[in-house]
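Asks: Before anything else, here's the structure in question.
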Amino acid sequence: MITRKIGKLLRGNASRAQITTAATLGALLGFTPGFVQAPGWNLLLLCLLVLLNVNLFLAAMTALAAGLLYLILLPVLFQLGIFLLEGPLSGIFALLANAPVTAWFGFEYYVMPAGVLFGLAFGIGVGFAVHGRLRAFRQKMASVSKDSERYKKWTSRRSVRIFAWIVFGGIEGKKSWEELAASTRGGPPVRPLGAALVALLAFLLVVTYIFLDELVLTELARSGLQRANGATVDLERLEFSATESRIALHGLAMADPNALDTDRFRAERVLADVDGMSLLARKVALRRVEAINASVGEERRLPGRPVGREPGTPRTRPIELPESVDLEEVLAQARVWRERLQRASEILERVGGAPDPDEEVDDDELSWRENLAQRAAERGYAYVSSESIIRRAPRLRIDEALSEGVRVAQLPDERLRITGNNLSTHPRLLDEPPSLRVESQTGRFAVDLRGGALAAGGGDNRLEAHLNDLPVDTVADMLAAPGDFPFSGGHFDVRTTGTWRGSSVDLPLEITARDTTARLLGQSSNISRTTFPMRVAGPLASPSVQIPSDALQSALRDAATGRLREELGRQLEGRLGNGEEDGGGLLDRIPFPRRRGGDD
């Protein structure tokens with residue numbers, strides 16, 4: 001009963017320090033945003049409440065009052081937190097947010113440091129107020145119990161004593177009111193039972209870390225991957241070896257949020273070597289990640305379900321094409337190509353990690369605060385954190401990632417080798433730039449991404465790629481009007497070395513046509529080899545493709561002229577027989593038309 005708890009508080013011998021400590025711990029709990037944001041802080045406060053010999057009822061009541069006040073003052077705490085985390089004290093909170101153990105206290109959230117300050121002030125104020133009232137009450141009761149005959153007669157009644165015992169636990173405790181009023185010392189500072197419980201909890205945590213239950217780990221990993229993926233994730237089991245610091249995921253299949261009947265990624269096993277010390281700093285550093293028997297784009301046996309959004313809601317933002325490009329008029333399967341380009345755009349963004357917070361902040365301070373206000377409105381004040389406070393290491397870092405023999409549903413005859421280095425959520429915190437390379441085992445094509453501008457050392461974001469032996473007729477079949485394509489038969493070789501920023505690219509292409517037939521000015525000509533330029537620029541999800549028509553026509557004319565020279569040379573060699581000059585030498589003396597004013 002609450003009244004009995006109040007009576008125990010009134011009759012107890014807690015000192016001012018114990019009363020203030022109980023109120024302060026309760027207030028700090030009430031002003032904490034939540035267990036998700038600050039799990040270590042919450043566990044520390046709970047352990048102190050159990051360990052220290054303080055009044056738990058007073059702590060609980062203070063926590064309840066502080067929690068209600070916290071909800072009312074959330075906007076104020078948020079603004080104060082901005083000043084603390086982004087102002088002159090940012091270095092101190094950056095140290096706390098990145099140091100081992102204290103990284104689990106949630107000091108990167110704006111409301112957390114402000115909540116600690118308000119909690120301390122509120123708890124200390126409540127503690128002093130409660131102790132003052134208790135002292136005045138005990139002195140009054142000591143005076144009444146000593147000098148008032150009426151009080152003595154009234155409390156000597158059996159019915160009164162029974163009622164007082166039921167409601168308040170008794171009229172007096174182990175000490176009389178006079179002894180309580182004169183006492184300035186409280187009980188022992190530590191509860192023996194509380195110390196035993198804390199020690200037992202620490203032992204259980206160590207044992208749990210060493211012998212983590214496979215089922216619990218598997219479910220935690222599955223739920224976390226589903227939130228990150230945005231769709232169903234199948235996971236047979238997860239194995240964790242604390243001695244080897246290794247995680248093994250078996251039977252991983254991640255449904256594509258945009259095509260729930262296919263898997264975005266599937267692997268028989270995924271092995272990851274974890275840096276155990278990074279976990280104490282609330283970060284995940286993976287030294288090496290290897291996917292075994294992996295595949296992309298395979299059909300699922302059962303369709304997946306979206307996670308975190310309503311079914312039918314698109315996972316990615318819609319693609320807005322510029323007016324100068326209309327995929328429906330150019331490509332026969334424009335919707336499919338839109339999805340492919342969108343996925344390629346997402347890969348570029350993920351390789352780059354989270355953008356640099358300094359680049360997001362506009363010169364106008366009002367714009368920066370408006371951005372914070374928008375994030376607070378979308379997520380809630382308690383869930384907005386300061387990315388700039390994470391200054392020592394990214395939240396997730398993968399030193400090396402490797403997958404051999406990856407199968408792709410769209411490329412049944414190819415097997416891919418995917419390698420990645422220095423992949424992280426905040427690449428600017430690393431000295432080495434992130435890189436990702438995808439190449440076919442046959443060497444037919446390769447894509448190499450290197451984010452030099454994203455790392456601390458600086459540089460350019462480079463993209464190098466090549467694709468060989470692309471059938472010309474395959475390209476023509478992709479077009480909405482294949483009859484207008486000037487090439488037929490043969491193959492294309494495509495090479496590019498360009499730059500990218502975010503999901504936008506600037507790629508000058510070199511297209512080489514081999515053993516193809518080209519239509520030029522209404523005539524068909526067999527061409528053994530010719531090269532012409534292209535350019536792809538803008539957002540990769542909706543790029544602008546530029547083909548200089550004069551360069552293409554010039555390349556075709558040069559190729560046709562060269563082919564004509566070869567053919568005439570062969571015919572002249574046959575006609576001249578064993579003459580003094582061969583056909584090629586004689587051909588050099590024939591004055592072929594030269595270009596004048598752009599005309600042949």
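Asks: Extending each Cα 7 Å along its Cβ direction at Leu71 and Arg133, get the distance between those two points in nm, one decimal.
Replies: 2.2
Asks: Stretch Arg305-Tyr383 to full length: gain in nm at 0.36 nm per residue minus the Cα-Cα span?
Replies: Details: separation 78, 0.36 × 78 = 28.08 nm, distance 2.58 nm.
Length gained between Arg305 and Tyr383: 25.5 nm.
Asks: Further, regarding this structure: With each pseudo-label sitting 7 Å past Cα toward Cβ, what's the Asp273-Asp460 distance in nm, one decimal?
Replies: For the pair Asp273/Asp460, the computed spacing is 3.5 nm.
Asks: How charged is the neighbourhood of Arg417? Take every other residue with its Cβ under 11 Å from the Cβ of Arg417, and add Lys/Arg as +1 and Asp/Glu as -1.
Replies: -1
Asks: By the scheme Lys and Arg +1, Asp and Glu -1, what is the net charge of all other residues having a beta-carbon under 12 Å from that of Ala446?
Replies: Around Ala446, the surrounding residues sum to 0.
Asks: At a Förster distance of 60 Å, what's the computed FRET efficiency of Asp261 paired with Ala195, Cβ-Cβ distance as r, to 0.05?
Replies: Once the sixth-power term is evaluated, E becomes 0.55.
Asks: Moving on. Around Leu235, with a cut-off of 13 angstrom between Cβ atoms, what is the net charge of the other residues, counting Lys and Arg +1 and Asp and Glu -1? Don't skip to the end; give the middle numbers.
Replies: Working: positive: Arg222, Arg237, Arg266, Arg269; negative: Glu214, Glu219, Asp234, Glu236, Glu239, Asp263, Glu268.
Residues close to Leu235 contribute a combined charge of -3.
Asks: Still on this structure, I have one more. In what sequence, highest mean first, do 32-45, 191-204 appear when ranked by Cβ atoms within 10 angstrom?
Replies: Peptide ranking by packing, descending: 32-45, 191-204.
Asks: If I take R0 = 45 Å and measure r between the Cβ atoms of Leu470 and Ser245 in this structure, what FRET efficiency does the formula 1/(1 + (r/R0)^6) give, to the nearest 0.05?
Replies: My answer for the efficiency is 0.50.
Asks: How much length would be gained if the chain were fully extended between Val36 and Met478, taking 0.36 nm per residue of separation minus their Cα-Cα distance, in nm to one decimal?
Replies: Taking 0.36 nm per residue and subtracting the Cα distance, the gain is 154.2 nm.
Asks: Can you give the FRET efficiency for Leu56 and Leu95, using 1/(1 + (r/R0)^6), R0 = 35 Å, r = Cβ-Cβ distance, to the nearest 0.05?
Replies: 0.60
Since every read-out is calculated from the coordinates, none of them should be taken as a lab result. Just so it is clear, the model here is predicted, and its values are computed rather than measured. Because the Cβ atoms are built from the backbone with ideal geometry, glycine has one as well, and the counts that use them run over all protein chains shown.
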